[in-house]
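The values are calculated or read from the model by the stated rules, or taken from the named source; none is laboratory data. As the structure is a computational prediction, the values presented were derived from the model and not from experiment. Positions of Cβ are generated from backbone atoms using ideal geometry, with glycine treated the same way; all protein chains shown enter the neighbour counts.
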């Protein structure tokens, strides 16, 4: 799939599932559990040891069934390594021009991290495909709505503090999608091997986003 098709896939999904664990041992099982719940846009964070290897093996194993991305990417060098491993989108916690440029060079979705209106507009002017707002919990859905009033053209992805209970509020506030991590991929559930609950949480999350969109 080309970049524009991948962007459309993220927008249609409305949910980016963030997988951040202390070990790569169960990343594959977690991804399968989330996918079973209907969340097929999955971000593996680079803070997880062995993340690149898991991205590569997951890209081979899932094929087009899952859109895989790399998160917590701090620089262009890491972005390039993740892209070569199979990542189709690159997410950063901060705004880095070289990383956005690198993503354009490889025709991969760039999702830089921002917080203030100035950072949000700067990211968009640099060519970000989606703009991460992090940590979104600071301002909540009202902040997203407030920013979009003067900047309605920007596709915002609130991240940090988003869960099943408030995801719909962010979508109704105008978010293009939401990114959900700890409330979806609970480390205690992973440690206990309770992948069924992960699947059910993913299913609920996808459902509330669709309902908020009137689908």
Check your understanding: Would region 43-55 turn up any residue that is assigned to a helix (DSSP H, G or I), within 17 Å of the chain's Cα centre (by Cα) and under 28 Å from residue 144 (Cβ atoms)?
Key -> no
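Only one of these is touching a strand residue (DSSP E or B) at 6+ places or on another chain (Cβ under 6 Å) and farther than 17 Å from residue 43 by Cα: 120, 138. Name it. First the steps, then the outcome.
Values: 138 fails: touching a strand residue (DSSP E or B) at 6+ places or on another chain (Cβ under 6 Å).
Exactly one of 120, 138 is touching a strand residue (DSSP E or B) at 6+ places or on another chain (Cβ under 6 Å) and farther than 17 Å from residue 43 by Cα, namely 120.
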Revision key, fill the gap. If you go through 70, 87, 33, 17, the only one that is assigned to a loop (DSSP other than H, G, I, E, B), touching a helix residue (DSSP H, G or I) at 6+ places or on another chain (Cβ under 6 Å) and touching a residue at least 24 places away in the same chain (Cβ under 8 Å) is 87
Review point. Taking residue 22, is it in a helix (DSSP H, G or I), modelled with pLDDT under 95 and over 17 Å from the mean Cα position of the chain (by Cα)?
Key: no
